[in-house]
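Enquirer: The following block contains the structure, expressed as structure tokens.
The values are calculated or read from the model by the stated rules, or taken from the named source; none is laboratory data. Here the structure is a predicted model, which means the values were calculated and not measured. So basically every Cβ, Gly included, is an ideal-geometry build from the backbone, and we count neighbours across all protein chains shown. Just so you know, the surface numbers come from the protein's heavy atoms only, side chains and all, with ligands and any DNA or RNA stripped out. Shrake-Rupley method; radii C 1.70, N 1.55, O 1.52, S 1.80 Å.
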Amino acid sequence: MSPVGATVKPAYILAAEDLRKNKGQWKAYESTGNCVILAGPGSGKTKTLTIKVARMLTEDVQPPRGLACITYNNQCARELRRRLGALGVEDGRRAAIGTLHSFCLKHIVLPYARIAGMSLPDPLRVATTEEREASWTAAVENVVGADENPRDWMFRCDFYRRTHLDRDKPEWRGDYESAARVIEEYESRLLNSGLIDFELMVLVGLQLAERHAWIRKALRARFPVLVVDEYQDLGRALHRIVLCLCLTARMRLLAVGDPDQSIYGFTGAEPALLQDLAKQDGVETVRLQLNYRCGPTIIRASEVALGEARGFKSGVEEVGTLDVHNRPQGVDDQATFICDSIIPGALNRRKGRQMGDIAVLYRTQYDGNEIAAAVETRGWDFLRIDQGNPYPRSPVVFWLEDCAAWCGGGWQSGEPRLSDLIRAWQNFNETITTDAGRRVLQRDLVKFLHSHRIPEQPLRDWLTHLRGACLDSCLVREPRLRDETQAVMKLAEVCARDGRLAGLTVSAFGGQGGSGTHLNLMTLHSAKGLEFDVVVMMVLEEGKLPDYRSKTDGKLREDRRLFYVGLTRARHEVHLVHSGWYRTPYGTVKRNGPSRFISEVQQALIDT
């Protein structure tokens, strides 16, 4: 019991004491203006970011004003909400945490587009995957012909939309007229159907912010602080939004990123944009170079892989290990060796280590199929994050995983917190705004959760009851959740009695959000931002990584960064597995030897 009159320090102040020991982290914490944090792997950037956000929200932003926090994807947003929640910062109250497209739609397009004179449909609905694909197919057929493959055009047009933002300039049609015409036809079809997609949300949001000073003023009034995580991945549109909101309208900026971890060039990401932002007048730059994750061996290997020294220092005592394994019989031999040798050995080498401390990384989902099949044969629980995942991992599905984790035992441990589940549920139900309506939402959810605390209940039964109790009515009612309906239907399909995951229980499904018992299988791209005791990188063949199509310096540098990201996920052990050859999806055998990155790393470690 606290003494009478004693005050309890906020959680962020207590957490900030850990930042004092790191000069860079403390400098960022103490910054008072626009600040860019250049943070290497394992440098504690998320910890620094979340503590700084909690401080700004408490000390610098007066209620009811708040701050907006933009990050790369829903998984990143989920982790930020979790970290900030532990510091007492609740999403949806005064902190708006989400992706760039959700920020543009919710806080710029819906409130201001029609007031600004834009002729958008009313009501405006988010297009589902099927609606987007149908519009692309019709647009391609109408503009370039029925013999063209719509998916090929979708890919090239999406990149073009992200990199050509000014429709009134000659470059819009001049650089690739056919793509521009297909895009115009596609967007016209969407809007005529009362729909909008993710790229249009961002484009319209950018246009509104750049063209109207009163919109910038309104945004600054509501959000005097803008926080951007993973800045290097968010592309030109975000960069221009930041320049007009923060450097023109004087919204305070806190941006965090690492150009060396920019691996999404195919989506329009440009690492140079973060470097450009750091050089702007009135922007303070802070570098975090102490790595709390990796030992010196892994740091040395990663800098060799990157091709440039960064001066990173290890903040851990363990040196770390890196081993190369040649499995000449091919990728199935690699998968067998990983399951029968690397994983058992890693589990035995450290007391208390679990499957969830190990990650197997690969370049494509097709490589993931090989290791997933080997793991399934052994009956192990695993989490798979790639396009081969049995069901989409969307915001509502993430929330369902958390609800299942609570029903599977979290109600006893307090993780996840019931209050967080309720808050997320109420945030999904945006059209329910009355106090009475929100109480009903809370009552229905809590009633369901308390009556379904059965860890071994089949997921199909649990999900069916939740859908009937409240979920389906929400998905039908809420316009921004239209695409989520498909994700829930797919989940229901794979866990049905005749589905691929028919045996999945509530407890096992809840573990998909991060469980010590689930082996992690994921692409190198999906692994960014995560960390594990042991990292196994497989199918490291010349022609796979680097990709045989990486002919330019820019493409090769991005492949180096991808390899670098994989190496720096590991706390203690890295295992590089190759065969020296691989088979293409068309059956052709390519015998190019192991990845050049392996040879470079091996030689550098021998020389030190």
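Enquirer: Using the beta-carbon distance between Asp381 and Asp333 and R0 = 25 Å, what value does 1/(1 + (r/R0)^6) give for FRET efficiency, to the nearest 0.05?
Expert: 0.60
Enquirer: Considering only protein heavy atoms, what per residue accessible area in square angstrom results for the chain with a 1.4 angstrom probe?
Expert: For the chain, the per-residue accessible area is 45 Å².
Enquirer: To continue, here is another question. Counting other Cβ atoms within 10 Å, which trypsin sites (Lys or Arg not before Pro) in the stretch 534-608 have at most 11 and lie in a DSSP loop?
Expert: The qualifying sites are Arg549, Lys551, Arg591.
Enquirer: Starting from the Cα of Lys106, draw a straight line to each of the lysines and keep only those under 20 Å, dropping any in the same chain fewer than 8 residues away.
Expert: Lys217
Enquirer: Would you calculate the separation in nanometres between label points at Glu141 and Lys555, each defined as 7 Å from the Cα along the Cα-to-beta-carbon direction?
Expert: 3.3 nm
Enquirer: Only residues of the stretch 238-263 count here: report those whose backbone N is under 19 Å from the spot 7 Å along Cα→Cβ of Met118, or say none.
Expert: So the set is 238-246, 249.
Enquirer: Report the gain in length on full extension from Tyr366 to Thr321: 0.36 nm times residue separation, minus Cα-Cα distance, nm rounded to one decimal.
Expert: Full extension of this stretch gives 13.4 nm more.
Enquirer: What does the charge add up to near Ala404, with Lys and Arg as +1, Asp and Glu as -1, over the other residues with Cβ less than 15 Å from its Cβ?
Expert: Local net charge: -1.
Enquirer: First select every other residue whose beta carbon is under 15 angstrom from the beta carbon of Ala116; then total the charges, Lys and Arg +1, Asp and Glu -1.
Expert: +2
Enquirer: So what is the calculated 222 nm ellipticity per residue for the chain, using -39500 (n - 2.57) for each DSSP H run with n of 4 or more, over all residues, to the nearest 500 deg cm²/dmol?
Expert: Roughly -13000 deg cm²/dmol at 222 nm, from the helical runs in the chain.
Enquirer: Something else about it: Near Lys590, which lysines are there with a Cα under 22 Å away, not counting those fewer than 8 places off in the same chain?
Expert: By straight Cα distance, Lys590 reaches Lys544, Lys551, Lys555.
Enquirer: May I ask you to evaluate 6.51 cos²θ - 1.76 cosθ + 1.60, the Karplus curve with θ = phi - 60°, for each residue of the stretch 188-193 and list the ³J(HN,Hα) values in order in whole Hz, giving x for glycine and proline?
Expert: Ordered by residue, 3J(HN,Hα) equals 5, 5, 4, 5, 5, 9 Hz.
Enquirer: Moving to a separate point now. Which percent of the accessible heavy-atom area of the chain goes to carbon and sulfur, probe 1.4 angstrom?
Expert: So the carbon and sulfur contribution to the accessible surface is 49 percent.
Enquirer: By how many nm would the segment from Ala134 to Asp18 grow when fully extended, if each residue of separation counts as 0.36 nm and the alpha-carbon distance is taken off?
Expert: 36.5 nm
Enquirer: Within the stretch 542-608, report the chymotrypsin sites (Phe, Trp or Tyr not before Pro) that DSSP leaves as loop and that have at most 14 other Cβ atoms within 10 Å.
Expert: Hits after loop and neighbour filter: Tyr548, Tyr586.
Enquirer: Restricting to DSSP loop positions (anything but H, G, I, E, B) with no more than 15 other Cβ atoms inside 10 Å of their own Cβ, which trypsin sites (Lys or Arg not before Pro) remain in the stretch 418-518?
Expert: When the trypsin sites (Lys or Arg not before Pro) of the stretch 418-518 are filtered for loop state and at most 15 Cβ neighbours within 10 Å, Arg453, Arg497, Arg500 remain.
Enquirer: Quick one: Karplus J couplings for the stretch 228-238, per residue in order, coefficients 6.51, -1.76, 1.60, θ = phi - 60°, nearest Hz, x for Gly and Pro?
Expert: Working through the residues one at a time gives 10, 9, 6, 4, 5, 9, 9, x, 5, 4, 4 Hz.
Enquirer: What residues qualify as long-range amide H neighbours of Thr285, i.e. H under 5 Å apart, gap of 5 or more or another chain, H built at 1.01 Å from N?
Expert: HN-HN under 5 Å from Thr285: Val36.
Enquirer: May I ask you to list the lysines whose Cα is less than 19 Å away from that of Lys47, ignoring any residue fewer than eight positions away on the same chain?
Expert: The reachable lysines, counting only those whose Cα sits under 19 Å from Lys47, are Lys9, Lys21, Lys23, Lys27, Lys313, Lys528.
Enquirer: Between His450 and Ser599, what is the FRET efficiency for a Förster distance of 60 Å, r being their Cβ-Cβ separation, to the nearest 0.05?
Expert: 0.55
Enquirer: State the extension gain, in nm to one decimal, for the chain segment bounded by Asn149 and Ala469, taking 0.36 nm per residue of separation less the distance between their alpha-carbons.
Expert: 111.0 nm
Enquirer: Using +1 on the beta carbon of Lys and Arg, -1 on that of Asp and Glu, and nothing else charged, what's the dipole of the stretch 267-348 about the Cα centre, debye to 20?
Expert: 220 debye
Enquirer: Need one number: nm distance between label points at Thr434 and Arg500, each 7 Å from Cα along Cα→Cβ, rounded to one decimal.
Expert: 4.4 nm
Enquirer: Right, here's the next one. Along the stretch 130-141, what does the Karplus equation 6.51 cos²θ - 1.76 cosθ + 1.60 (θ = phi - 60°) give for ³J(HN,Hα), rounded to whole Hz, x for Gly and Pro?
Expert: Residue by residue, the stretch 130-141 yields 5, 5, 5, 5, 5, 5, 4, 4, 5, 5, 4, 4 Hz.
Enquirer: Using modelled amide H (1.01 Å from N, peptide plane; none on Pro or chain starts), what sits under 5 Å from the amide H of Leu383, excluding residues fewer than 5 places away?
Expert: Leu519, Asn520, Leu521
Enquirer: So who's got an amide H within less than 5 Å of the one on Ser579, skipping anything under 5 residues away but keeping other chains? H placed 1.01 Å off N, in plane.
Expert: Excluding prolines and chain starts, which carry no amide H, the hits are Arg327, Leu540.
Enquirer: Please give the FRET efficiency for Arg125 paired with Asn348, using the beta carbon to beta carbon distance and R0 = 41 Å, rounded to the nearest 0.05.
Expert: 0.15
Enquirer: Each label point is 7 Å from the Cα along the Cα-to-Cβ direction; what then is the distance between the points at Asp547 and Arg93, in nm?
Expert: According to this spin-label approximation, the distance is 4.4 nm.
Enquirer: Taking the C-alpha atoms of the chain, how large are the radius of gyration and the largest Cα-Cα span, Dmax, in Å?
Expert: Over the chain's Cα set, Rg and Dmax evaluate to 24.5, 79 Å.
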